[in-house]
Amino acid sequence: MSESDFSRQSFPWLRSGFDLEGYVGGLAAWLVGILLGFLWAPLFWIGFIGAVIILLATRTAERTPPEAEGLIVAPTDGLIVSVGGATPPDELRLEGADWTRIRVSVGPTKTNGIYAPMDGAIDHVIRETGDPAAFAAMKPDRPGLAVAYVSLESGVRMLGLRYATGGFGPRLEVDKESGDAVRLGRGIGTLRLGGWYDLYIPGTVDVIPAPGQTLIGSETIIGTFDGASLERAAKETKADAPEPVEEAEPEDPVEEAPVIDEEDELTLEALSGEDEAAEEQDEDVTEMFARLRKEARKIQDDG
């Protein structure tokens, strides 16, 4: 059975699960809840809620990224909050002013994978430790959140990511370092119990999803580098091209009547006169030869 053939699976939709730490942690919290329940029954719910939180924090999923050149995919599950032009943070080191920011909210029940939004390499990673007092990331710019900045590049292509989540516990991890090669849709880190992320892409890229739509990390296509550039270049070329000028069909040449001026008339008359003189001269020569022949015959007869 090939990797893309799910016809023989009993539950082909079941492609999610939990990390090993999730199973171990959830079981431990559940046992603690049982022990506390022996002391006082309501204490059981403390362990039960802890087990649920641990399982949510370790929820994973199998993803199949699309295959094409120049694609940008969603790096994490979430809901698009806004799309618009914005200046990237200085930590991302993105040059130029033409950038589009896609702000996404990630719920606590979403899977925890962070995936590479493009093919290329990690340019740099900057991490900021959060404050344990800031447990929930109600707003993306709240003070005390755990923040990570990740920039990716591939030749002239670049984009940046800013992740923010609560500062309590190991909520945000990036497994890659500067210079590491990454493949489209492959895992590069973990975001636990939700949060926010801003994806900064060049302004020339047309964003496909709209605010309010749900993204699936590693699978939802955000846009494409080459497609937008080629389409925009084609439009500009078409707009700048001059309008074709229709060439007039060549007309049949008209033969002009020869024009004879006075000088030409004189020349023709002179030529006619020369022809007549030549004819008269030919007649005189003929008569002379005829007389000579007569004289020669007379001499022969006398002799």
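Quick look at the values:
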| item | result |
| --- | --- |
| Residue count, region 205-218 (criterion: open to solvent by 60 Å² or more (accessible area, probe 1.4 Å) and in contact (Cβ under 8 Å) with a residue 40 or more places away in the chain) | 4 |
| All positions within region 156-177 that are of a type in the set (Gly, Ala, Ser) and either more than 16 Å from residue 54 (Cα to Cα) or buried (at least 16 other Cβ atoms within 10 Å of the Cβ) (or both) | 160, 164, 166, 167 |
| Qualifying positions in region 83-123 - out of contact with any Phe, Trp or Tyr (no Cβ under 7 Å at 6 or more places or on another chain), open to solvent by less than 40 Å² (accessible area, probe 1.4 Å) and among the small types (Gly, Ala, Ser) | 84, 107, 113, 116, 120, 121 |
| Enumeration of residues in region 99-132 that are over 27 Å from residue 18 (Cα atoms) and modelled with pLDDT under 95 | none |
| Inter-residue pairs, beta-carbon under 9 Å, first in contact (Cβ under 8 Å) with a residue 12 or more places away in the chain and within 18 Å of residue 15 (Cβ to Cβ) and in region 61-75, second open to solvent by less than 20 Å² (accessible area, probe 1.4 Å) and among the charged types (D, E, K, R), 6+ apart | 61/77 |
| Test for residue 85: is it touching a residue at least 40 places away in the same chain (Cβ under 8 Å) and touching a Ser or Thr at 6+ places or on another chain (Cβ under 7 Å) | yes |
| Positions within region 1-29 being under 25 Å from residue 192 (Cβ atoms) and surrounded by fewer than 17 Cβ atoms within 10 Å (Cβ to Cβ), in sequence order | 13, 14, 15, 16, 17, 20, 21, 23, 24, 27, 28 |
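Yes or no, residue by residue, for (1) free of Cβ contacts under 8 Å to residues at least 24 places away in the same chain; (2) under 35 Å from the mean Cα position of the chain (by Cα):
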{"residue": "29", "(1), (2)": "no, no"}
{"residue": "36", "(1), (2)": "yes, no"}
{"residue": "39", "(1), (2)": "yes, no"}
{"residue": "44", "(1), (2)": "yes, no"}
{"residue": "58", "(1), (2)": "no, yes"}
{"residue": "77", "(1), (2)": "no, yes"}
{"residue": "80", "(1), (2)": "no, yes"}
{"residue": "90", "(1), (2)": "yes, yes"}
{"residue": "94", "(1), (2)": "no, yes"}
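The values are calculated or read from the model by the stated rules, or taken from the named source; none is laboratory data. This structure is a prediction, so every number in the text was calculated from the model and none was measured. Please note: Cβ atoms are built from the backbone with ideal geometry, for glycine as well, and neighbour counts cover all protein chains shown. Ligands, DNA and RNA are excluded from the accessible area calculation, which covers all protein heavy atoms including side chains. Shrake-Rupley method; radii C 1.70, N 1.55, O 1.52, S 1.80 Å.
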